[in-house]
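**Student:** Handing you this structure, nothing more for now.
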Amino acid sequence: MAGEPAARLDGWKAIADYLSRDVRTAQRWRDARGMPVHRIPGGKGGAVFADRAEVDAWLLQPTAPANIGGVQPTIEVALPIEDFPNVPLSRPVGVMRLRRLDAPTVRRIAPIAIALVVIGGIAAAVVRIETVPSAAPARFEMNAGTLVARDADDSVLWKFQLPEQPGSVVDGPVVNKASLIGTARVMFHGRDSDVLALVALHKVSDAPERLGFFRYQVYCLSANGKLRWLFHPTNRLAFSGREFAGPWRIYAWAALSSPKPRLWISFIDHVWWPSFVVGLDAAGKAETMFVNSGYIAALAPIQVGETTYVLASGVNNEYRSAALAVLDPEGQPSTSPQTAGTPFACDRCPNGAPHRYFLFPRLEVAAANGVPYEYANQINAAANGPIEVSVRDLTALNVRAVYRFSEELMPESVAMSDRYWEIHRDMFRAGKLDHSVEDCPERTDGVVVRMWEPDRGWSELKVLPTFAHRETR
């Protein structure tokens, strides 16, 4: 129970050790993913603690950290990021960012700045210092139905009390608690970016140990914490006459600054396989951008020349394959390409088509171990770096392949993780595979990826093997 010494993790190091991560990652999970961490009242230096049971329950949520997102110089991304921190919007060359300027600091540096200008006689050439409002939140937390924004010093900037407080009734269910799934920043209204808080509402249940959500909501707040609008999905999808109406769960999200400010969110069915991606504009109007016959597990904007695309990866249930869609934010809303007459063909979906759609082959080791299929659940599209999509099984086997894409968004190489080859060797020794690692076709010849394009339909691409430039274990 909380409060007992054995159940309490005191300090960031203990929390990080419990998660088998470093302190920075643990702090990022608290800030971006809502991991339950508490401040010690009256503690100094930001002293914190966590309850093991709360952390364990949080880790079991489907929105616990899984995906890697990326950022382009002109796009701010907010994804379930584990290893890569969010990167702010790029700034004009020659502009120095000064995060906080309190009154004593201003009084201290003002005479120095004036003296430098006078001595140098070059007032017109002084580097412009762009101040950031002190009200810019650094992190957020949810406390008993109240969203709390804190600055870099952990001081409270503002609080927003959710309309759906614990004990209130929302469309029938009684609210038990609200969990902060994550936040995003979008510059909907001028220079100050709005805060979009993604929240799961949990209902009071006859079985308290089975705390389940009944609605995910998105709150758009101004920079100073004033509610602009509230959104929750009410989509109804039909596939071969079978209707799916949720409840819908947030799985991934990405904030776009161009070509139009939008928050893109993937919603997955609570039980079944359909998913869809919506784009929310400055007024909270939602447009269904993409429907997929399978979960969309990751979203990442990328810049190709002057064109922005959104990569949406996950799985396609008809083909039992990990999948990747290349979406055009300015194109027509689209639907994954499915076979007519199958249960996975959508009846009432957008008429447009994705720019491209890829199906990745089964991983031999996973298939031989009885894994039904894999997910493309991680995307790395960092600025000035390679575009990489990871395909992995989501079982204890935990093997993966990393596909590297060219600037033209074509798969150009594939590399299996070190663990993949370790398990392959073990299975060969045990007689579960009929060839060694050295003779494995995946290692010597590569794999075949299927690609769909609107004007050509399906085609096959041979992707040669290589090794990723960074560790892929």
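**Student:** At a Cα cut-off below 19 Å, give the aspartates and glutamates reachable from residue 285, other chains included and same-chain residues fewer than 8 away excluded.
**Tutor:** Straight-line reach from residue 285, under 19 Å: 194, 328, 330.
**Student:** Tell me which lysines have Cα within less than 22 Å of residue 13's Cα, excluding those fewer than 8 residues away on the same chain?
**Tutor:** Correct list for residue 13: 44.
**Student:** Over the stretch 363-423, what is the mean sequence separation of C-alpha contacts under 8 Å (at least six apart), divided by residue count, expressed as relative contact order in percent?
**Tutor:** 24
**Student:** In whole Hz and in residue order, list the ³J(HN,Hα) couplings for the stretch 219-228 that follow from phi through the Karplus curve 6.51 cos²θ - 1.76 cosθ + 1.60, θ = phi - 60°; x for Gly and Pro.
**Tutor:** For the stretch 219-228, the Karplus-derived couplings read 9, 9, 10, 5, 4, 9, x, 9, 5, 9 Hz, x marking Gly and Pro.
**Student:** Counting DSSP beta bridges in the stretch 247-334, what percent are antiparallel, to the nearest 5? Working shown, then result.
**Tutor:** Working: 35 of 36 bridges.
The answer is about 95 percent antiparallel.
**Student:** Aspartates and glutamates near residue 177 by alpha-carbon distance under 18 Å, same-chain residues fewer than 8 away left out - which ones?
**Tutor:** 51, 54, 56, 141, 164, 206, 209
**Student:** Name the long-range amide H neighbours of residue 412: under 5 Å, sequence gap of 5 or more, or other chain; modelled H, no Pro or chain starts.
**Tutor:** Those qualifying (amide H under 5 Å, at least 5 residues apart or on another chain) are 404, 405, 406.
**Student:** Right, next: Could you sort the peptides 168-178, 416-426 by per-residue average Cβ neighbour count (10 Å cutoff), highest mean leading?
**Tutor:** Going from most to least packed, we get 416-426, 168-178.
**Student:** While we're on this one: Work out from phi, with θ = phi - 60° and the Karplus expression 6.51 cos²θ - 1.76 cosθ + 1.60, the ³J(HN,Hα) of each residue of the stretch 336-345, listed in order in whole Hz, and give x for Gly and Pro.
**Tutor:** Along the stretch 336-345, the couplings run 4, x, 10, 7, 4, x, 8, x, 9, 7 Hz.
**Student:** Got the relative contact order for the stretch 316-387 handy, in percent, Cα pairs under 8 Å and 6 or more residues apart?
**Tutor:** This gives 38 percent for the stretch 316-387.
Every number here is computed from the coordinates shown, using simple stated rules; none is lab data. Since we're looking at a predicted model, the values are computed, not measured. Note: ideal-geometry Cβ built from the backbone for every residue, glycine included; neighbour counts use all protein chains shown.
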